[in-house]
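Presented below is the structure to which this report refers.
The values are calculated or read from the model by the stated rules, or taken from the named source; none is laboratory data. If you're wondering where the values come from, they're calculated on a predicted model, not measured in any experiment. Using ideal geometry, Cβ is built from the backbone for each residue, glycine included, and neighbour counts are taken over all protein chains shown.
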Amino acid sequence: MCRIRMLQVILTPFEKRPPLRAVSADPPPVAPLAERLQRLELDAWAGLYIEHWRLIRGVLVGHLGYTADLEDVTQQVFETALKLVSSHKAQLSGDSSGLRAWLVAIALRLARAERRRQFKTWFSSEQPECENQSTDPLDPASMQLLQRAHRVLLLLPAKLRSPWLLRHLERMSLDEIATSTGVSLATVKRRLLAADQRFQKLAQRDPVLREHLQSGGAT
């Protein structure tokens, strides 16, 4: 009698292997802008200029007007920033808000120097040099109003004029203004209040500005 022996096949589980990980197609993370600027990466500096040149130009216009040297001084702000970093006189860190405040601080310093150089020219001229280089030209009435307001602003002390311009024209926060001008937040608030009061008082002496303010126009 033939006995058929059944072969038992024992199935053993496959060896456990770590799960496969998909290769990420995402590019490597980009270093913070401040770090890239510190490493003097040219594309980072070009991006800084493109993003902030309008702000810096506006700050300079508020202090110098539309002078023939406006574009040169604007360029000088970024050149100065680059020299400070490349000579290890400035160590950049923080976010874009801090970088913006730093650039504005440089612009204010250069504007004060330029104002000292042009002091006699500004106050010996009946009609300050003013060119409307905006891409959206103002009508004659608005341009006249702007010129008159600018003449009043020039009568304000620099310590009052700077925060007023940064707040009302550049829409910077109080914290950014404090960083840019190197004073406390409480000092910024006091100077803004004093600048508003002084501007209103001086503007009342100009018939065009007085009429504009009385009609509800913004300063």
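Quick one: what pairs do we get from the stretch 169-185, first residue at positive phi, second in a helix (DSSP H, G or I), C-beta under 9 Å, 6+ apart or different chains?
Gly182/Ala105
I'm checking my understanding of the structure. Among residues of the stretch 102-122 that are of a type in the set (Lys, Arg) and out of contact with any His (no Cβ under 8 Å at 6 or more places or on another chain), which one is modelled with the lowest pLDDT?
If we take residues in the stretch 102-122 being of a type in the set (Lys, Arg) and out of contact with any His (no Cβ under 8 Å at 6 or more places or on another chain), then Lys120 is modelled with the lowest pLDDT.
Those residues that are of a type in the set (A, V, I, L, M, F, W, C) and not in a helix (DSSP H, G or I), I need them from the stretch 153-192; list them, please.
Within the stretch 153-192, Leu155, Leu156, Leu169, Met172, Val183 qualify.
Residue-by-condition table, conditions (1) more than 22 Å from Leu160 (Cα to Cα); (2) in the same structural domain as Leu169 (by TED's automatic domain parsing); (3) more than 14 Å from the chain's Cα centre (by Cα):
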site	(1), (2), (3)
Val59	no, no, no
Gly65	no, no, yes
Ala90	yes, no, yes
Gly94	yes, no, yes
Arg109	no, no, yes
